[in-house]
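The values are calculated or read from the model by the stated rules, or taken from the named source; none is laboratory data. Small disclaimer: the values here were computed from a predicted structure and weren't measured. Cβ placement follows ideal geometry from the backbone for every residue including glycine, while neighbour counts extend to all protein chains displayed. Heads up: the accessible areas ignore ligands, DNA and RNA and are worked out on the full protein's heavy atoms, side chains in. Shrake-Rupley method; radii C 1.70, N 1.55, O 1.52, S 1.80 Å.
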Amino acid sequence: MTATTEKLGLFLPQGLHEQMVQAAAERLSERKTARGGVRLVYEQAFNDLLEALDAGQLVAFPAVRGAKHRISVRVSGLLCTRIRGRLDPLNLKLTDFASTAIVRFLRPPEGA
């Protein structure tokens with residue numbers, strides 16, 4: 001039985017999704033199949049940010065400016081619930097949360 005997934009509609013700055021696709025390809029190059037690779041890197045990015053917040057780390061959520069592309073990505077239903085539970089208390093939009101998670105994933109903070 002597979003876990004249920006939900007589709008997240010994201011508005012991401014130009015090039016950010018393409019960088020995640022590239023990261024997925026690099027991480028899965030040694031595997032026989034790259035199926036689900038993009039989902040895995042998005043889930044890892046979102047989980048990493050949620051864990052940092054759960055640990056009490058201070059996280060800056062810069063406003064996302066400029067041109068954006070609409071993309072859809074499927075992630076686990078439980079992860080979607082965790083993300084949505086964090087948005088209101090932090091007064092965040094999904095775009096700001098996702099962009100911060102992705103940038104942190106692609107370029108980890110110094111000392112991480």
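Could you look through region 34-53, keep only residues that are assigned to a loop (DSSP other than H, G, I, E, B) and not hydrophobic (A, V, I, L, M, F, W, C), and pick out the one that is least open to solvent (accessible area, probe 1.4 Å)?
So, considering only residues that are assigned to a loop (DSSP other than H, G, I, E, B) and not hydrophobic (A, V, I, L, M, F, W, C), the one least open to solvent (accessible area, probe 1.4 Å) is G36.
If I102 meets every condition in (1) of a type outside the set (S, T, Y); (2) in contact with a His (Cβ under 9 Å, 6 or more places away or on another chain); (3) open to solvent by 60 Å² or more (accessible area, probe 1.4 Å) apart from one, which number is that one?
That leaves (3) as the condition not met.
Okay, residues lined up against (1) closer than 16 Å to E51 by Cα; (2) surrounded by 14 or more Cβ atoms within 10 Å (Cβ to Cβ); (3) of a type in the set (A, V, I, L, M, F, W, C):
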position: L79; (1), (2), (3): yes, yes, yes
position: I83; (1), (2), (3): yes, yes, yes
position: L90; (1), (2), (3): yes, no, yes
position: L94; (1), (2), (3): no, yes, yes
position: F97; (1), (2), (3): yes, yes, yes
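If only one of G66, G56 is in a loop (DSSP other than H, G, I, E, B), modelled with pLDDT of 85 or more and either open to solvent by less than 50 Å² (accessible area, probe 1.4 Å) or within 17 Å of D96 (Cβ to Cβ) (or both), which one is it?
Going through G66, G56 in turn, just one is in a loop (DSSP other than H, G, I, E, B), modelled with pLDDT of 85 or more and either open to solvent by less than 50 Å² (accessible area, probe 1.4 Å) or within 17 Å of D96 (Cβ to Cβ) (or both): G66.
Quickly run through region 53-68 and pick out the residues that are in contact (Cβ under 8 Å) with a residue 24 or more places away in the chain and under 14 Å from L90 (Cα atoms).
Result: L53, V59, A60, F61, P62, A63.
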